[in-house]
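K.L.:
Structure below; questions to follow.
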Amino acid sequence: MGVKQKTKGDGSQAATEVLVSADSHVMESPDLWKTRLPRKFRDSAPDFSAIGNALRGHPGGNDPSQRVKEMAQDGVSAEVLYPTLGLSLFGLDDPAMQEACCRVYNDWLLEYCQVAPDRLTGVALIPTYDIDRAIGELERCRNAGLKGAEVWQTPHPDMPFSSDHYDRFWDAAQELEVPVSLHIATGHNRAKELPGQEALAPFRHGVNRKLQAITDALFDLIFTGTLERFPRLKLVVVEYEIGWIPFFLQQWDYYGFVRYRKTLAPPIPQLPSEYFSRQVFATFFNDPVGCRQLASWGVDNCMWSNDFPHPNSTWPHSRKVIARDLGHLPEQDRAKLVRENAVRLYGLTIPEPIGR
């Protein structure tokens with residue numbers, strides 16, 4: 001899987017280095033659901049006209065042929081694709097509407113990825129109100145060519161990750177070898193809050209609440225034994241950066257496991273960090289602090305991304321950012337982070353370097 005690269009003296013590498021972004025995005029048309037949903041849902045379909053038009057800065061977000069050209073500008077040879085507008089679908093309270101909307105998105109994404117299947121890898125949206133139907137959609141999308149699955153990161157309060165509601169879905173995902181992603185801003189949390197509810201909300205949400213959401217989800221999935229019961233299940237923590245992870249794992253290992261081992265039987269037989277190391281991946285794209293820790297932690301679990309085409313993306317300067325944040329690492333470690341971990345996780349073939 002290794003690809004020999006020529007390293008320059010400044011820590012950067014030659015332009016032939018193959019980069020695979022583990023978290024990029026499509027930009028759906030705001031009227032996608034209004035035009036494609038079954039007629040009985042169209043009148044009440046989500047209205048994305050305001051936010052959708054505001055975010056349409058790159059034609060490649062909606063046009064895959066243009067996208068490949070924009071990827072070439074950034075020197076990125078392949079991308080794993082998540083939605084933009086579709087992220088908010090996980091906050092819908094109507095199970096039937098959510099299911100119909102996710103199916104529309106998944107069908108559209110399949111069409112999009114078919115333009116360049118060696119470079120565009122789609123992640124399906126899987127609603128989990130009804131687990132039987134969730135498994136059916138997971139199987140349908142996997143058989144059609146989508147290689148990952150995304151579920152809500154903050155479940156409905158009646159269906160916490162600490163329950164056994166998801167067990168048959170986790171089992172299906174591990175049998176199908178489909179990694180399951182928890183992406184920022186999905187589900188029944190801050191993604192549903194209205195603008196202006198709190199003056200400091202954008203700033204508080206930008207760090208504090210987003211980390212609370214993912215640490216709660218990951219805690220439940222580790223400490224209630226999901227990863228123990230489904231040892232081949234792979235989870236992907238998406239767009240949370242990585243600097244916080246080794247600290248939380250250290251704290252969970254001690255305060256959640258070692259400290260109570262003699263007085264309270266821990267609910268799991270292994271250290272939380274051991275489950276993470278075996279089964280959890282995380283993406284990053286703008287985290288110099290977290291990248292400095294990669295010299296001693298995480299090179300087998302973390303995956304670089306560019307977040308294209310969102311405003312916070314490293315496009316079109318991804319190679320400069322990689323040189324800045326990963327230039328201190330040995331060649332074999334850097335290769336894992338910028339392509340090989342993603343290739344291994346999704347069962348990809350390393351594509352030819354994209355032309356620039």
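The values are calculated or read from the model by the stated rules, or taken from the named source; none is laboratory data. Please read all numbers here as calculations on a predicted model, not as lab measurements. Counting neighbours? That spans all protein chains shown, and the Cβs are built from the backbone with ideal geometry, glycine included. When the accessible area is computed, the model is the full protein with side chains, heavy atoms only, and any ligands, DNA or RNA have been set aside. Shrake-Rupley method; radii C 1.70, N 1.55, O 1.52, S 1.80 Å.
K.L.:
Could you state the accessible area per residue of the chain in Å², with a 1.4 Å probe and every protein chain left in place? Numbers along the way, then the final one.
P.N.:
On the way: 15520 Å² over 356 residues.
Counting only protein heavy atoms, the per-residue value for the chain is 44 Å².
K.L.:
Can I ask one more? How much net charge surrounds Ile131 when only other residues with a Cβ under 11 Å from its Cβ are counted (Lys, Arg +1; Asp, Glu -1)?
P.N.:
Details: positive: Arg133, Arg168; negative: Asp130, Asp132, Glu137, Asp164, Asp167, Asp171.
That works out to -4.
K.L.:
In deg cm²/dmol, rounded to 500, what helix-only [θ] at 222 nm does the chain give when every DSSP H run of at least 4 residues adds -39500 (n - 2.57) and the total is split over its residues? Write out the running numbers ahead of the final one.
P.N.:
Working: 16 runs with 134 residues, N = 356.
So the helix-based figure for the chain works out to -10500 deg cm²/dmol.
K.L.:
For the chain, return all DSSP H helices satisfying: extent of Cα atoms along own axis at least 18 Å; mean Kyte-Doolittle hydropathy at least 1.0. Please report the intermediate quantities before stating the final value.
P.N.:
Numbers: long enough: 95-113 (27 Å, -0.12); 131-144 (19 Å, -0.64); 210-223 (19 Å, 1.04).
Span-like helices in the chain: 210-223.
K.L.:
For the chain, take the alpha-carbon Rg, divide it by the Kirkwood Rh, and send me Rg/Rh.
P.N.:
Values: Rg = 19.9 Å, Rh = 20.9 Å.
Across the chain, the Cα-based Rg/Rh ratio is 0.95.
K.L.:
Now for a separate question. If you scale each eigenvalue of the Cα gyration tensor by 5 and take the root, what three semi-axes come out for the range 123-189, rounded to whole angstrom and sorted largest first?
P.N.:
19, 13, 10
K.L.:
Give me the Debye-computed log₁₀ of I(q)/I(0) at q = 0.15, 0.16, 0.25, 0.26 Å⁻¹ for the range 36-91, equal point scatterers on Cα only, no solvent, two decimals.
P.N.:
Rounded to two decimals, the profile gives -0.60, -0.66, -1.09, -1.12.
K.L.:
Another one. With the cut-off at 26 Å, tell me which of the pairs Lys69/Lys234; Lys147/Lys336; Lys34/Lys210; Lys234/Lys320 have Cα atoms farther apart than that.
P.N.:
Working: Lys69/Lys234 31 Å; Lys147/Lys336 19 Å; Lys34/Lys210 30 Å; Lys234/Lys320 30 Å.
The answer is Lys69/Lys234; Lys34/Lys210; Lys234/Lys320.
K.L.:
Using only the alpha-carbon atoms of the range 221-311 as identical scatterers, what base-10 log of I(q)/I(0) does the Debye formula give at q = 0.10, 0.13, 0.18, 0.24 Å⁻¹?
P.N.:
These q points yield log10 I(q)/I(0) values of -0.29, -0.48, -0.83, -1.21.
K.L.:
Which residue fluctuates the most in the chain, going by a Gaussian network model with Cα springs under 10 Å, if the choices are Ala201, Ala45, Ala149?
P.N.:
So, out of Ala201, Ala45, Ala149, the one fluctuating most is Ala201.
K.L.:
How large, in percent, is the carbon and sulfur part of the accessible surface of the chain at a probe radius of 1.4 Å? Let's see the in-between values first.
P.N.:
On the way: 8010 of 15520 Å².
Ligands and nucleic acids excluded, carbon and sulfur reach 52 percent.
K.L.:
Which one of Arg140, Arg168, Arg259 has the biggest mean-square fluctuation once the chain is modelled by GNM with Cα springs under 10 Å?
P.N.:
For the chain, modelled as a Gaussian network with Cα springs under 10 Å, the answer is Arg259.
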